[in-house]
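Heads up, the thing below is written out as structure tokens.
The values are calculated or read from the model by the stated rules, or taken from the named source; none is laboratory data. Model, not experiment: these values are computed from the prediction. Note: accessible area is taken over every heavy atom of the protein model, side chains too, but ligands, DNA and RNA are not part of it. Shrake-Rupley method; radii C 1.70, N 1.55, O 1.52, S 1.80 Å.
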Amino acid sequence: MRIKIALLLFCTALTFSCTEKKPIDTMNDDQLRAFADELAHKFIIADSHVDFPERLKDNKILLDEATKSIVLSDSGGEFDYERSKKGGLNSPFMSIYIPSSYQKQNDTGKSFADSLINNVLAITSLFPDKFALANSPAEVEANFKAGKISLPMGMENGAPIGNDLANVKYFHDRGIRYITLTHSKDNQICDSSGDTTRTWNGLSPFGREVVAEMNRVGIIVDISHVDDTTFYQVMKLAKAPCIASHSSCRAFAPTVRRDMTDDMIKALGKNDGVVMINFYNQFLDSAIVNQNVKNKKKLRALLNAKGLQSSDSAAKPIIEQFSKENPALKSDVEMVANHIDHVVKLAGIDHVGIGSDYDGVEGETPTGLEDVSKYPNLIYTLLKRGYTEEDIAKICYKNLWRVWNKVEQVSKGG
Ligand SMILES: [Zn+2]
């Protein structure tokens, strides 16, 4: 009899824990919207890829007293303080993006990387009450409690490491917490999804040492942008979980090699890593990719007929008129949610997060996710699809935190 009661209690507890109430079951639409906004501010939102440093660089801005207002409230781009506060963004990884053009023998982009890092440091020293650096999840949490936005840093392209392994620690000391192994071209570390050269058939011998050194010093290995061969070799080699800091699912855009195949998503899940979903219109939907290809061809034919190159000054008004008459298709927040659903279906709720690529996609953001003030829309969309509060916490930051903490632990020999 006693066994029966114990069994009954056990089953009741199990049933209860397995059926965490979904907000969609108890709230109407207005309540769901309000709840989404509440969660966006209750949880840390850690977006693993924001290209604000690049936007500053493109505008040749070296942050100082005279130029600092661009950080607070700016009509251009997708990131600033005011909009971050509105959208609940507390931990945007500032992307230290190094274009492939720096992959030269005499200039690896190291001093360029330093100049971008200095700009991020300048934000925190110009606005100490609003922004702070963060080198660990614990530091982000302390900043969050103090009402400050953290600015952790990731370096997009390992080119600045050059051929000197000591530079991995150098960049760790400067605050870099993930490195995207390469960008759109093969580099000294590995092959890129944007290249066809197949220089190394995956990782170079030096690249293998770089991955091991990143694990040793505590830098997250980021597999966004790498070629599929590189990805699988990293999965075999890595001693700690990895991330895709800003990648989407190739299932929705089969020609986009920057996106991840179903098999890669499953493999990253097995590595206990996280796919951080990119919001760039063109990575989300093959209909958009196809239309862009068609438009490009149409425009090229139009210019050819007039004997013009796209770089000619006479071509400029024609290109502008063409763009007006043939606007690029836009994706939307539902499509981003489809990508999140897809990763959840393949790898589980513990392996998906947000890596918007804001300020790095030339304004091509989805409807409903136009800038950093719009994360509550995504949370609302996910709540409507039956995601629980805990699921939202995992997507907003907990999954990335698990990886980041584990990478630190592995570097300390744990
Ligand atoms: Zn990128």
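Mean residue ellipticity at 222 nm, helices only, the chain: -14000 deg cm²/dmol; runs of at least 4 DSSP H residues each add -39,500 (n - 2.57), and the sum is divided by the number of residues. Residues in segment 275-414 average 44 Å² of solvent-accessible surface per residue, probe 1.4 Å, ligands and nucleic acids excluded. Of Tyr102, Tyr170, Tyr375, the residue with the largest accessible area leads and the full order is Tyr170, Tyr102, Tyr375 (1.4 Å probe). Straight-line cross-link partners of Lys21 among the lysines, defined as a Cα under 16 Å from its Cα and at least 8 positions apart when in the same chain: Lys384. Among the listed pairs Lys104/Lys412; Lys104/Lys306; Lys60/Lys110; Lys130/Lys345, a Cα-Cα separation exceeding 28 Å is found for Lys104/Lys412; Lys104/Lys306; Lys130/Lys345. Rolling a 1.4 Å probe over the protein heavy atoms gives segment 85-173 an accessible area of 38 Å² per residue. Counting DSSP beta bridges in the chain, what percent are antiparallel, to the nearest 5? Around 5 percent of the beta bridges assigned by DSSP in the chain are antiparallel ones. As a fraction of the 1.4 Å probe accessible area of the chain, surface on carbon and sulfur atoms comes out at 54 percent. When DSSP beta bridges are restricted to pairs lying wholly in segment 150-232, around 20% turn out antiparallel.
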